[in-house]
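The values are calculated or read from the model by the stated rules, or taken from the named source; none is laboratory data. Note that the structure is predicted; figures quoted are calculated from it, not measured. Cβ: placed from backbone, ideal geometry, glycine included. Neighbour counts: every protein chain shown. Protein only, heavy atoms only, side chains kept; ligands, DNA and RNA dropped before computing areas. Shrake-Rupley method; radii C 1.70, N 1.55, O 1.52, S 1.80 Å.
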Amino acid sequence: MAEKIHSQYEELKAQINAHNYRYHVLDAPIISDLEYDRLLNELKRIEANHPEWIAPDSPTQRAGSKPADRFEKIRHPASILSLANAFGGDDARAWLERIKKIDDRVEQAKFVVEPKIDGLSVVLHYRDGLFVQGATRGDGEVGEDITSNLRTIRAIPLRIPVNSEQSSVVSVPKYLVVRGEAFIPNKEFDELNRKLEEAGEKTYLNPRNTAAGSLRQLDPQLTASRPLTLLVYQIVYSEGGKVPTSQWEILEYLKALGFPVTDVAKRFDDLDSAIAYTETWAEGRDTLPYEADGMVIKIDDLTLAADLGFTGKDPRGAIAFKFPAREVTTTLNEIGVAVGRTGVLTPFAMLEPVEIGGVVVERATLHNFDFIAEKDIRVGDRVLIKRAGEVIPYVIGPVVDARSGQEKTYQMPTTCPACGQAVEHFEGEVAWYCVNAACPAQLVRNIEHFVSRGTMDITGLGIKIVEQLIETGLVKDVADLFTLNKEQLLTLEGFAEKKAENLLGSLEQAKAQNLNRLLAALGIHGVGEVMAGDLSRNFGNLSALSKASAEELQQIEGVGPNSAESIVDWFAQPVNQNVVKKLKAAGVNPEMQKSEGKMQNGALSGLTFVVTGTLPTLSRDGVKEFIESNGGKVTDSVSKKTSYLVLGENPGSKAEKAKSLGVKILDESELKKMAEGLSL
Ligand code: IVH
């Protein structure tokens, strides 16, 4: 029996690793994230019963190891070399002439061209096909042991070959050491910064430094949260098995083992064609998903390349063909401030227009106000700007030597540039906020959030309509939505009787939404769905909440000092008080039965529920709301602490897990009876 489970376990592990490879290396998944999670949960379940089976190649072992005090040093099995640079075709041809003189086999040489990714060099060790150790480049001889961090990068195979079918085709040396470049793709970098900005946290300066910093974190959990990936291009060392002797075959071989390998590489019979190809990428570099600072031209025959030797740390057999630099200096004319969706104020540089790699740049991000102060960036300064790939152009810093004395130290605004309200700062965040709910810069986004499905759920109010309502002055804050009438709507573009009636109907319905939803809809900094629920149960209505002090708010579980302060602040603003007043006048003033602390008197109080599958009448949000409004708690995963599993149609693996743990199972009607206090 145990043997059978063990072989199922191994099979499942291989299956998950193969899906992981399809997703993170091939970018061609064949199952959904949900299905993947199910497989992974099943694996975790088996491992919980058989911890003795957990091997380092289990996908559950990628994250989660403990933070280290420091990094150990690792001596590389061979030197990790760098490259000499060539700036343009003539430089590259001169390189070829030099090496022709050293070895006449160069006359017949072929060349492989690969992208030179601007990331961080890493060295990965595999013993008997298992990923056992990984290091930074360090000084080229000794690097730092960052194995736990590298494990969190899903593009790194924990076992090679990745697919069991390949093991008969590709043989792996007993000991194999490969080198690659770890990096954060541009899109992921911008997304990461967008989220940080929204949360009021410090944004990262550029993808390369972020990747390097992430890999040199002592806590692997932090590394795991950064969108790192890598491409592998070299075999540094091998023992106990043969590996190819040409660069082109190495790339094919590494790919066959399951490593992520660039698909941009090409092989050429002569240098001029290699240069021509390189130049096409100098033009097209923005279409690469990562920042590349050039292409590497390598002699394909690795025996010949090795025989050519080195100059210093640079092998003669390869050269970095650098793309034109995309850093320029220009004058900082002014510092502007943009107001984001959540009210975050972000400073940006208004520049003397300057061309960087074929694009005229007039604006660049200045990240946040601390950055301006730290770098002592002054209005009128010459500043160094970088435009890299698709990443938003950014200011690197001032050129201090170019100062004339006329430059002015920047004073950050004390009021919002869009509405004039005083700006606010929250403890522990770098961002400054405009907290005025009626600020025109935030209004479109605020209304979008207010009407969305998870909050007031008002249908028929798409972004185009919201924009029109604001432009025409019909809506100046969220409360104005409820006093709109048919005549007004008919003046808008694209509105006829029916459409206007439908919208008025859904606005009317929304007036009956409960306090949870209204609170979450108002977009008070730090107040999400869960906190909105807690506040509703504790205060029962908006008036009571608006009078609460920070101390009182902090009595509620889950409300920390920052959220408490932000709630008090929000209600203290006259503009927000006006919104609340107008909402009440329009009939939007939900009352909720108050409870002491955590809904002691709800029939479901003290019980924890997990929901799986589709229920006959309640939606996902609906059932959550139902349980919570009756004092129960909803969690995502089944554990021994789960009181009941609410089961619907087409359930996932949660049902099996509940059964195996002996968790009681209910259907929707039984849940409702229970909430009414009826015995089942
Ligand atoms: S080859 C002998 N190939 O560029 C092998 N390097 O100084 C020497 N890099 O630090 C390196 N992409 O981290 C090579 N396809 C690629 C590369 C690459 C990025 C980095 C590498 C090194 C630097 C060159």
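Tabulated values for the structure
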quantity: Residue list for segment 74-112, restricted to those being within 16 Å of the ligand (Cβ to nearest atom), part of a helix (DSSP H, G or I) and open to solvent by less than 50 Å² (accessible area, probe 1.4 Å); calculated: Ala92, Trp95, Ile99
quantity: Condition met for Ala292 (at pLDDT below 95, within 28 Å of Leu176 (Cα to Cα) and either of a type outside the set (Phe, Trp, Tyr) or open to solvent by 50 Å² or more (accessible area, probe 1.4 Å) (or both)); calculated: yes
quantity: Failed criterion for Glu181 (all others in (1) open to solvent by less than 60 Å² (accessible area, probe 1.4 Å); (2) part of a helix (DSSP H, G or I); (3) acidic (Asp, Glu) hold); calculated: (2)
quantity: Residue match in segment 391-402 (condition: more than 30 Å from the chain's Cα centre (by Cα), surrounded by 16 or more Cβ atoms within 10 Å (Cβ to Cβ) and either assigned to a strand (DSSP E or B) or without any contact (Cβ under 8 Å) to a residue 24 or more places away in the chain (or both)); calculated: no
quantity: Residue match in segment 403-422 (condition: closer than 16 Å to Val575 by Cβ, charged (D, E, K, R) and open to solvent by less than 60 Å² (accessible area, probe 1.4 Å)); calculated: no
quantity: Elements of type helices (runs of 4 or more DSSP H) contained in segment 486-584, each with 1 or more residues being of a type in the set (D, E, K, R); calculated: 486-490, 497-510, 515-521, 529-539, 550-554, 561-572
quantity: Residue match in segment 298-310 (condition: open to solvent by 20 Å² or more (accessible area, probe 1.4 Å), within 15 Å of the ligand (Cβ to nearest atom), over 31 Å from the mean Cα position of the chain (by Cα) and at pLDDT below 95); calculated: yes
quantity: Yes/no for Glu3 being open to solvent by 80 Å² or more (accessible area, probe 1.4 Å) and modelled with pLDDT of 90 or more; calculated: no
quantity: Test: Val530 is over 29 Å from Ala675 (Cβ atoms), at pLDDT below 90, open to solvent by 30 Å² or more (accessible area, probe 1.4 Å) and of a type in the set (Val, Ile, Thr); calculated: no
quantity: Set Lys464, Lys498, Lys486, Lys547: member being under 30 Å from Gly560 (Cβ atoms) and surrounded by fewer than 14 Cβ atoms within 10 Å (Cβ to Cβ); calculated: Lys547
quantity: Options Ile153, Ile117, Ile146: the member that is over 30 Å from Ala282 (Cβ atoms), within 16 Å of the ligand (Cβ to nearest atom) and under 24 Å from the mean Cα position of the chain (by Cα); calculated: Ile146
quantity: Top-ranked residue of segment 125-143 - restricted to ones that are open to solvent by 10 Å² or more (accessible area, probe 1.4 Å), within 15 Å of the ligand (Cβ to nearest atom) and over 15 Å from Gly213 (Cα atoms), ranked as nearest to the chain's Cα centre (by Cα); calculated: Asp139
quantity: Lone unmet requirement of (1) surrounded by fewer than 20 Cβ atoms within 10 Å (Cβ to Cβ); (2) at negative phi; (3) of a type in the set (Gly, Ala, Ser); (4) at pLDDT below 90 for Gly505; calculated: (4)
quantity: Some residue of segment 189-196 being within 15 Å of Pro260 (Cβ to Cβ) and either of a type in the set (Ser, Thr, Tyr) or surrounded by fewer than 17 Cβ atoms within 10 Å (Cβ to Cβ) (or both); calculated: no
quantity: Residue in segment 189-209 that is away from the ligand (no atom under 14 Å from the Cβ) and within 18 Å of Pro77 (Cα to Cα) present; calculated: no
quantity: Whichever residue in segment 313-361 is within 16 Å of the ligand (Cβ to nearest atom) and of a type outside the set (D, E, K, R) and, among such residues, is most open to solvent (accessible area, probe 1.4 Å); calculated: Ala325
